[in-house]
Every structure is written in structure tokens, then in C-alpha cells.
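Following: one structure in C-alpha cells, then a few remarks.
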Amino acid sequence: MTEYRAKAHSFNSEITAIVEVENGEILKISAEGEVPNTVGALGVDTWLEEANAEHSVEVDAISGASVSTGALRKATQMAYAEATSGDVDAISSASIHN
């Protein structure tokens, strides 16, 4: 298992996505840096629950916390793209295999 990190600016702070990957598969996604006790933090927790249940970066932002969860999604996609040596587009998470 290898851990990959990427950062993005959320509504209240800079958020860091931590993606644990093994053989190209997402094992766990976590985050650091979101300001506690905010709507953004609640949204981040909800987003992480969904992303970890699906083992995917393809989870939509959470309504009401779209800036924070959108930033987390972007950071997670960037970290996963690094993990897969760029085999995934960091913006859309679409495969770039021909």
C-alpha cells in the first residue's frame, strides 16, 4: 500500500486529500485541513463516507458544502492520478487509455 497526497483550496482552508492505493485500487481516502465544526467539515465527512464505500474518486460534491467537497474531490483525483502514473485525467477522472 502506498499513500498519495494532493492539496486544493476549499471554502475555509487548504484541504489535503490522502489516498491509499494498492495495485491501482483505492483502499482508503481521508482528508486533513478542513476547519472543524463547519458545514464544509460535515460535507467532507459525508463525501469521504461515500467515496470510501465506492472506493472511487467519482463521487459528486455534496450540496450545501460544494466548495469544500469539490476541492476535496479535485485533490483526491490529483492524488489518484499520481498513483496511477497519470493514467487518469486529474480533472474528470476519465481513463486516458487509447
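For Glu58 and Lys28, what does the FRET efficiency come to when R0 = 25 Å and r is the distance between their Cβ atoms, rounded to the nearest 0.05? After rounding, the FRET efficiency stands at 0.95.
Once both labels are positioned 7 Å from their Cα atoms along Cα-to-Cβ, the gap between Asp45 and Arg5 label points is 2.3 nm.
Once the convex hull of the C-alpha atoms of the chain is built, how many Å³ does it hold per residue, rounded to a whole number?
Values: hull volume 7.8 nm³, N = 98.
In the chain, the Cα convex hull volume per residue is 80 Å³.
Adding -39500 (n - 2.57) for every DSSP H run of four residues or longer, then dividing by how many residues the chain holds, sets the calculated 222 nm ellipticity at -11500 deg cm²/dmol. Helix 39-54 versus the longest principal axis of the chain: what is the Cα-based angle in degrees, 0 to 90, to the nearest 10? Computed tilt is about 30 degrees.
Readers should treat all values here as calculations from the given coordinates under stated rules, not as data from a laboratory. Note that the coordinates shown come from a computational prediction; the quantities given were computed from them, not determined experimentally. Neighbour counts run over all protein chains shown; Cβ positions are idealised from the backbone, glycine included.
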